[in-house]
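Only the coordinates and a few stated rules stand behind these numbers; no lab work does. Everything numeric in this text was worked out from a predicted model, so none of it was measured. As a convention, Cβ positions derive from the backbone with ideal geometry for all residues, glycine included, and neighbour counts pool all protein chains shown.
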Amino acid sequence: MSATTQAPGQRSFDAGDLEPAHHDGGQHPGARDKLGDVLHAALRGAIAAGAMTGFRALTVNLGLVEKSPPRAMIERNGLFRMVPRKQRRAAIELMHWAFGAQGGALFGLLPDGVRHRRGSGPVYGLLLWLGFELVISPLLGLKRSKQPRPVERVAVAADHALYGFVLSEMGRRPQD
């Protein structure tokens, strides 16, 4: 009803009514924003893992990295044998993108003040690399954890910094 023909006691519609006065499903309005941040960061994490793949192909082909960490993990744990030979590269890549998405989602859970700080993405990527080097690699008994290959470690650290750079959208334009 328009304001001129409304019934007594009825409120007229105002565009301000579209502002959420309450929220649905018991979720805090900020929770929906945070969920969006997490999902966006998960997508960026998968994309960033793809960027790592390109960088890693370069470092492997240059002989700087003997075997990519995802491949070493799959081979070490026998998971490789479960995948048909022709699909192994694709399986490794999909697993890597899934890990990248998980890492991105965790990044999305960080407070805005941390995530939006300059350099936070590459630092986050390097922290993930450090966790791999100090915890995951030794736990899985990967050969790389027992061999001092400084050039390889620097190359893998660099691709994790690239992951964080892409994840954090450091090159994004300011939003109005």
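One table, with the values for the structure above:
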read-out	value
Inverse of mean 1/r across different Cα pairs in segment 30-168, Kirkwood, Å	15.5 Å
Protection proxy ranking of 87-93, 36-42 - average other beta-carbon atoms within 10 Å, highest first	36-42, 87-93
Packing rank of 45-54, 108-117, where each peptide gets the mean count of other beta carbons within 10 Å, highest leading	45-54, 108-117
